[in-house]
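Read through the structure below, which is laid out as C-alpha cells, and then see the notes.
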Amino acid sequence: MKSATLRRPLTQREKIPDAGKKKRVILLAGPTAAGKTQLSLSLAKLLGGEIISADSMQVYRSMDIGTAKASPEERGLIAHHLIDIRDIDEPFNVAEFYHASQTAIREIVHRDNVPMIVGGSGFYIHALLYGPPAGPPSVPDVRDQLDHQMRELGPEVLYERLQLLDPEYAATISEKDRHKIIRALEIMALSDQKVSDFPKMNQSENNDYDFRCWFIYYSRESLYARIEQRCDEMIAKGFLEEVQRLDNQGLRLNSSAAQAIGYRQALQFLDSPRSASDYEHFIAQFKKATRHFAKRQFTWFRKEPLFRWLNIEEHSPERLREIILQDYEQGY
C-alpha cells in the first residue's frame, strides 16, 4: 500500500458548499488493532471532545473483551456514547445507529464540545456520512434466513440471485459485499421493490456537519502482529468466559452478535469437546478471522472518498495528533 498522509486532493473538500460554516466533527476510522481508542482519547483530552462509538458490537452490554471497549476508567475521563445501550437479546441496526449518532452529535455540539466518531464499522460510518440505508427496517426472521443462506450457499449464489432480481444495483457492488447482498435481498423480500428503485441519498444535502475523516493504519505485517498479540491478550483476560456468560444470556438469539469476529469462533469451541486440539483450532481461527476482518476494513475504506489516510508507522504519536488537530482547527 502506498504510504501517504493524504489520500485525496484537499481541493475536493472545498467543493462541499459552506463547509466552513458547518460544525466540524472528527471521524477516526481504521482497522481493528490499529490503536484508534488511545489516539481518540488523547485527542479528546486536548480538544474537549466526546467520543461516539461507531462499532456495531460495542452497543451491547457485557460484550466487553471481544469488542475491545474503552475501559470504565477511560470512559470515566472522557464521555462516550453508543456503548452499552442494548442488552444482548435486543437487536440494533444501522438505521438506529444513524439516528442515535445524529442525536449524540447535536447534544455534544450544544455543550460546545467536539464530537468525535471512532470505530471501524464501515457500514455504520457510511450511513452516518450519507444517510441511513433505503428500504424498510430489517426484520430479524428474514435477516436470519438470509444469513443462514449466506453461510450455507456462499456469497456467489446469493449474488447471482441479486443479479437476476436487480441487475442495476448488483452492478454497483461485488460478490464480496456480503452485507450489501443480504440487505438488498432483504429489502426486495419485504418491499417487493428493487433496491435501485429507491431514491439515493446525497451527502451534501444530508449532513449539517463538516466531517474531518481520517483512516489510521499500520503496514500489513505490523498490523497482523498486533492482531496476534491482541487476540492472545483477549483470551488471557477471560474472553472465553465472557462468551460463555453471554451464551447463557441468549447470545445465539442475536444473529449479528453471535456471528461477530471472535464470538462465532468461541461459540464453536464451546460446542466442541474442548480438547487441546480444539483449543488450538479456536485460537488459529480467531486470529485468522480477525486478520480477514482487517483486510475487509481496508477494502471498504479505500472506496470512501472523504477519508485521508495516516500511516501510524511514519509518524510519532505527537505528530499524529498535530496533523489531526491542525486540520480540525484550520479546516483546510
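The values are calculated or read from the model by the stated rules, or taken from the named source; none is laboratory data. What you see is a predicted model; the values in this text were computed from it and never measured. In this analysis, Cβ positions are derived from the backbone assuming ideal geometry, glycine residues included, and neighbour counts consider all displayed protein chains.
Given the options Glu280, Glu313, Glu329, Glu304, name the one that is more than 24 Å from Phe123 (Cα to Cα), surrounded by fewer than 19 Cβ atoms within 10 Å (Cβ to Cβ) and modelled with pLDDT under 95.
Every option except Glu329 fails the conditions.
Just checking: which of the helices (runs of 4 or more DSSP H) contained wholly in segment 227-298 hold 1 or more residues that are in contact with a Lys or Arg (Cβ under 6 Å, 6 or more places away or on another chain) and within 22 Å of Thr32 (Cα to Cα)?
Filter on segment 227-298 gives 255-258.
I need the full set of residues from segment 1-34 which are modelled with pLDDT of 95 or more and at positive phi, in order please.
Gly30, Ala33
Of all residues being free of Cβ contacts under 8 Å to residues at least 24 places away in the same chain and more than 20 Å from Tyr218 (Cβ to Cβ) in segment 283-302, which is nearest to the chain's Cα centre (by Cα)? Just the residue, please.
Gln285
In segment 104-134, what residues are closer than 17 Å to Phe92 by Cβ and among the small types (Gly, Ala, Ser)?
Within segment 104-134, Ala104, Gly119, Gly120, Ser121, Gly122, Ala127 meet the criteria.
Out of the residues in segment 230-265 that are among the polar types (S, T, N, Q) and free of Cβ contacts under 8 Å to residues at least 60 places away in the same chain, state the one that is nearest to Thr299 (Cα to Cα).
Pass one, segment 230-265, residues among the polar types (S, T, N, Q): 244, 248-249, 254-256, 259, 265.
Still in the running and free of Cβ contacts under 8 Å to residues at least 60 places away in the same chain: 244, 248, 265.
Values: Gln244: 32, Asn248: 35, Gln265: 23 Å.
Step by step, filter segment 230-265, then rank; the result is Gln265.
Restricting segment 160-174 to residues that are surrounded by 15 or more Cβ atoms within 10 Å (Cβ to Cβ) and within 22 Å of Pro132 (Cα to Cα), which is nearest to the chain's Cα centre (by Cα)?
Looking at residues that are surrounded by 15 or more Cβ atoms within 10 Å (Cβ to Cβ) and within 22 Å of Pro132 (Cα to Cα), I get Ile173.
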